[in-house]
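The values are calculated or read from the model by the stated rules, or taken from the named source; none is laboratory data. The structure displayed is predicted, hence computed values, not measured ones. Note: ideal-geometry Cβ built from the backbone for every residue, glycine included; neighbour counts use all protein chains shown. Note: areas computed on protein heavy atoms with side chains; ligands, DNA, RNA excluded. Shrake-Rupley method; radii C 1.70, N 1.55, O 1.52, S 1.80 Å.
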Amino acid sequence: MRHHPFGPTRRDVPVVGQGTWYIDSAQRSAAIAALRRGLDLGMTHIDTAEMYGNGAAEQIVGEAIAGRREEVFLVSKIVPQHASRSGTIAACEKSLARLKTDYLDCYLLHWPGSHPLGETIAGFDHLQRAGKIRAWGVSNFDVDELEEVLSIAGDGAIACNQVLYHLQERAIEHAVLPWCEAHDVAVVGYSPFGHGDFPGPRTTGGRVLQEIAEAHNATPRQVALRFLVRRPALFTIPKASTVEHAAENAGAGDLRLTEAEIARIDAAFPRGPVPSSLPML
Ligand SMILES: NC(=O)c1ccc[n+]([C@@H]2O[C@H](COP(=O)([O-])OP(=O)(O)OC[C@H]3O[C@@H](n4cnc5c(N)ncnc54)[C@H](OP(=O)(O)O)[C@@H]3O)[C@@H](O)[C@H]2O)c1
């Protein structure tokens, strides 16, 4: 499993991690087995959130990592409605209780909301000083919002921005990814399989993935994941609720693609026009 330094934390984090949205919909024992197989295979970055299943996903993660906490780079998120200074501290305490741990490796604001960012950041600072979180970051932030966080917290404070990123949704490449690269902020791409909408084998793009996969004795999904972590700032967090899916996803962590293969995927899944709401750098 390949690792990259995780933004300013400099922690070595596997490029392929594990998501947990809707993991509580699977059979509990299967979900826990999948997460544990993922850990065995090096996918030690586990992403969860208080929102997922109203805490049920965090409880499943807590069970999956029991006895193995030190192996895990554990990330959870606070919903913006809770993200006042005191609300941030209280929400984190509840997440820690559900996860049966006394610290998070990274705590994220799930998306921008109405509490002033300075309040949320003050809560994060308090939690960090208390040893309850090792780092903090944001999710679903565009460049304007990242600039605001930077103006409050300063350089080296934002560990990551977790954003939508898959082959058919590459909008972050226009401005968010370059901004994060310039400011040493890790970019964690979520929904790498399009949240259940992965290009089928009969589509043009699907055929490209299949051909490249065959050349490496790999699978189209492994090729896709590898493409999504082709730059040092990038990480990906596919969600799997079976051990087979977890094992397949972990296999992407060692795959090497040639520049020509990357270029073919790039052409088959064009990143599209600059979204009108995103300023150009
Ligand atoms: N920050 C945010 O706002 C935000 C938003 C969305 C997601 N996320 C995070 O990102 C994670 C991943 O995104 P996602 O859950 O939306 O979707 P995803 O990872 O793109 O896709 C998950 C789907 O792919 C299937 N799958 C996984 N591995 C597979 C494999 N090897 N072969 C075939 N099917 C496979 C899963 O099936 P099974 O479950 O049956 O294995 C599930 O149906 C989330 O779980 C969450 O942690 C964050």
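Condition test on Gly131, is it within 22 Å of Cys180 (Cα to Cα) and surrounded by fewer than 19 Cβ atoms within 10 Å (Cβ to Cβ)? So Gly131 does not fit the description; no.
Just a yes or no: is a residue in region 192-200 of a type in the set (Phe, Trp, Tyr) and either free of Cβ contacts under 8 Å to residues at least 12 places away in the same chain or closer than 22 Å to Lys239 by Cα (or both)? Within region 192-200, one or more residues are of a type in the set (Phe, Trp, Tyr) and either free of Cβ contacts under 8 Å to residues at least 12 places away in the same chain or closer than 22 Å to Lys239 by Cα (or both).
For Arg11, the conditions (1) near the ligand (Cβ under 10 Å from one of its atoms); (2) open to solvent by 70 Å² or more (accessible area, probe 1.4 Å); (3) farther than 22 Å from Val243 by Cβ are fulfilled apart from (1). For region 102-115, the criterion of a residue being buried (at least 24 other Cβ atoms within 10 Å of the Cβ), within 20 Å of Ala186 (Cβ to Cβ), within 21 Å of the chain's Cα centre (by Cα) and of a type in the set (Phe, Trp, Tyr) is satisfied by at least one position.
Only one entry in Ile133, Ile172 is away from the ligand (no atom under 12 Å from the Cβ) and free of Cβ contacts under 8 Å to residues at least 24 places away in the same chain, namely Ile172. For first residues located in region 224-238 and in contact (Cβ under 8 Å) with a residue 60 or more places away in the chain, partners that are among the aromatic types (Phe, Trp, Tyr) and lie 6+ apart or on another chain with Cβ distances below 7 Å form the pairs Leu228/Tyr165; Val229/Phe235; Ile237/Tyr190; Pro238/Phe193. For the structure I just gave you, tell me whether Ser29 is more than 13 Å from the ligand (Cβ to nearest atom), of a type in the set (S, T, N, Q) and either touching a residue at least 24 places away in the same chain (Cβ under 8 Å) or out of contact with any strand residue (DSSP E or B) (no Cβ under 6 Å at 6 or more places or on another chain) (or both). Criteria met by Ser29.
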